[in-house]
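The values are calculated or read from the model by the stated rules, or taken from the named source; none is laboratory data. If you're wondering where the values come from, they're calculated on a predicted model, not measured in any experiment. Here Cβ is always computed from backbone atoms with ideal geometry, including for glycine, and neighbour counts include all displayed protein chains.
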Amino acid sequence: MTRSISLRDPERVPPTRDGLRQAKPACAHAISAASAAGLALLLIPACITGGGQPRPLYPGDARPPEQVARLFGPIGSVDGQDVSRLGKSFALLPGCHVVRPVSKVAEVDKTAPNAYVARVPPDLTYAFRMQAGHTYEVEIRPADNTGTTSVDAAVRALDRDAKGGATAVPPIASPAEIDACQTWRPSP
């Protein structure tokens, strides 16, 4: 018969069905709390900056942030390349980039009994004139809070400059806007 030795007070450990007491490490809760606190400290900057290190969508070595544009949000494709499974934060070279959001966004609110799936219009497309040092954000939320679980999406896109100023970017109204964007060149 093997016997467990507990570092905890045996009177504080409840007996199992067979009358034996199971040993539990005294520091288990302290380690969990410390790990959770440490993890939170590591993740807070990622939430504030929009997802941590962006995934480069350009060839060659990684470039410093002041040389690239950053794209953040639930992105389906960039310049025809499916990026929906590559994360939510991307680095791109300055220039015109055609961006389509994902087709659906699901979210569960853990603080209230709410959950939804927001449907994005299938042809929603943005032609971003990306500049180095800027962040481009695509936000998707339910259009109405009707309490239903499947709703139409309200989508907005922003161009944030290095100082944090934001300019709304409308979706394209016609394919000619993509052509115009592709002839645009960023200033040096």
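Considering region 65-86 alone, what residues qualify as being free of Cβ contacts under 8 Å to residues at least 40 places away in the same chain and in a loop (DSSP other than H, G, I, E, B)? Across region 65-86, the qualifying residues are D79, G80, V83, S84, R85, L86.
Among the conditions (1) surrounded by 16 or more Cβ atoms within 10 Å (Cβ to Cβ); (2) modelled with pLDDT of 95 or more; (3) under 17 Å from A157 (Cα atoms), S77 misses just one, which is (1). Here the strands (runs of 3 or more DSSP E) wholly within region 87-188 that include at least 1 residues being touching a strand residue (DSSP E or B) at 6+ places or on another chain (Cβ under 6 Å) and at pLDDT 95 or above are 89-92, 95-101, 126-130, 135-142, 150-160, 166-169.
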